[in-house]
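Nothing in this text is a laboratory measurement; each read-out follows from the coordinates by a stated rule. Here the structure is a predicted model, which means the values were calculated and not measured. Methodologically, a virtual Cβ is constructed for each residue, glycine included, from the backbone with ideal geometry; neighbour enumeration extends over all protein chains shown.
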Amino acid sequence: MTVTITLNGIRRTGEVQPDTSLYTFLRQQGCLSVKCGCETSNCGLCTVHLDGRPVLSCSVPAFRADGHEVTTLEGVQKEAEEFGAFLADEGGEQCGFCSPGFILSVLAMARELENPTDDQIKEYLAGNLCRCTGYQSQLRAIKKWLAARKEGDK
Ligand code: FES
Ligand code: FES
């Protein structure tokens, strides 16, 4: 079957099988930032945005994305770099395997929640494993980045 999506702002079409995952389709489309850690909805590594909301692409059939907008790390490079600088400053940067999904979840959270509490941040990101650098450094980075964004909006 044919699937057409708007991928990072560009219309893309491809052939998929009924059981092709969105994760596989995105990799076929050249989005190599999208990683797979478990294929069972447990690690969050494969997180992408589907119509602006975070989804686990390993668990979404590619055909479900037909006609929809998909965003991967390749499509949010400027925001990702800005947030990445805060992570690095706090010693919270992660490896290239788990970072893309984590960053996409953080960006989605920033759009969804206004002034999130620590508990809300932790809850929102609970599905993103691993955090080899620990949770506290990331929490500090997220809060400082959110505050800086807010300041920039004034
Ligand atoms: S690869 Fe999708 S949740 Fe782990
Ligand atoms: S798996 Fe990426 S830092 Fe732990």
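Below, the figures for the structure above:
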quantity: Cβ-placed point charges (K, R +1; D, E -1), dipole of the chain about Cα centre in debye, nearest 20; calculated: 80
quantity: Paramagnetic reach from CYS95 (point 7 Å along Cα→Cβ, amide N under 16 Å) across the range 126-148; calculated: 129-134
quantity: Number of Lys pairs (Cα under 18 Å; 8 or more positions apart or on different chains) in the chain; calculated: 6
quantity: Packing rank of 56-68, 134-146, where each peptide gets the mean count of other beta carbons within 10 Å, highest leading; calculated: 56-68, 134-146
quantity: Dipole of the range 75-153 [Lys/Arg +1, Asp/Glu -1 at C-beta], most positive-end residue of ASN128, VAL106, ALA88; calculated: ASN128
quantity: Whole-number D in µm² s⁻¹ for the range 75-153, Kirkwood Cα-pair radius fed into Stokes-Einstein, 10 °C, 1.306 mPa s; calculated: 127
quantity: Förster radius 30 Å - calculated FRET efficiency between SER41 and THR133, Cβ distance, rounded to 0.05; calculated: 0.80
quantity: Stokes-Einstein D in µm²/s, Kirkwood radius over Cα pairs - the range 108-154 at 37 °C with 0.692 mPa s viscosity; calculated: 289
